[in-house]
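Structure record follows, encoded as structure tokens.
The values are calculated or read from the model by the stated rules, or taken from the named source; none is laboratory data. Computed from a prediction, not measured in an experiment: that's the story for all the values here. Don't worry about glycine lacking a Cβ; one is built from the backbone with ideal geometry, like all the others, and counts go over all protein chains shown.
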Amino acid sequence: MSRFAGALATTLAILAAFAATAAAHQGDARYRSVLRGVDPAASGLRVEVLNYDDRFELDNRTGKTVTIYGYEREPYARIGADGTVAVNRNSTAYYLNDERYANVPVPAAVREHPRAAPAWVVQDRTGRFEWHDHRMHYMVRGVAPQVRDQSLRTKIFDYAVPIAVGDDRAAITGTLWWVGPQDDSSFPIAAVVALIALVLLLGGAVVVVRRRRREGGGDVGSGDPAAGGSGSSSGDPAAAAGSSRREAW
């Protein structure tokens, strides 16, 4: 039972972490971040907005290194011509992009020297990189002041995220729009977590009940003459073996 309890606790912790991460990076369905493209255009470079206004996905097939710049114009990420994806731990964006509203601490050394020499950390080698970018969404919870009528599509702002394709400077450009309240058909993460937790708890209850029944049956069969048992003095090897197995459990 202790093993089951440990597995249950671990599973719930993982699910809670997953739900927290998902909640931290859920787009706001009332807004749409609409790309205009990369300016100037670069052959083999694809950029897409994911989850309404939550993050970008960049796919680099240009044959050149693509560098994404952070909020201080520091190199934040790079996607090499060979597909190697690396992020700069000396970039403020490395930390701020972890939470939708940038409510995260930035190390003092990074905050005070945002353009220090990059400390690159390789993430993968797929040539694709996803990142949350605060320049593409409204940074305050609620309705932007530009919205006078929530039923009308309203422009909030234009944005440009600086990048470089090889030695050529460029930008990912787009516009954030208010589109109004939508029917939320997104996957119910919280409900799934609750359901899985319930299933695990019910499984634990079944284990407990079965164990108690086995232990109760062992007590009756081994020491209660009325139940047809004659105790350990009966000399029945099968009964003794069954008793031993129950105790081992």
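Can you go through Arg73, Arg78 and tell me which one is in contact with a Ser or Thr (Cβ under 9 Å, 6 or more places away or on another chain) and within 17 Å of Arg169 (Cα to Cα)?
On inspection, the qualifying residue turns out to be Arg78.
Which numbered condition trips up Arg135, out of (1) touching a Ser or Thr at 6+ places or on another chain (Cβ under 9 Å); (2) under 22 Å from Val47 (Cβ atoms)?
Checking Arg135 against (1) touching a Ser or Thr at 6+ places or on another chain (Cβ under 9 Å); (2) under 22 Å from Val47 (Cβ atoms), the one that fails is (1).
Would you confirm whether any residue within the range 209-222 is at pLDDT 75 or above, loosely packed, with under 14 Cβ neighbours inside 10 Å and of a type in the set (A, V, I, L, M)?
Checked against the condition, which is being at pLDDT 75 or above, loosely packed, with under 14 Cβ neighbours inside 10 Å and of a type in the set (A, V, I, L, M), the range 209-222 yields no hits at all.
Using the structure shown, decide if Gln150 is surrounded by 12 or more Cβ atoms within 10 Å (Cβ to Cβ), touching a Gly at 6+ places or on another chain (Cβ under 6 Å) and in the same structural domain as Arg78 (by TED's automatic domain parsing).
yes
Out of the range 48-71, which residues are farther than 15 Å from Tyr159 by Cα and of a type in the set (Lys, Arg)?
Arg61, Lys64
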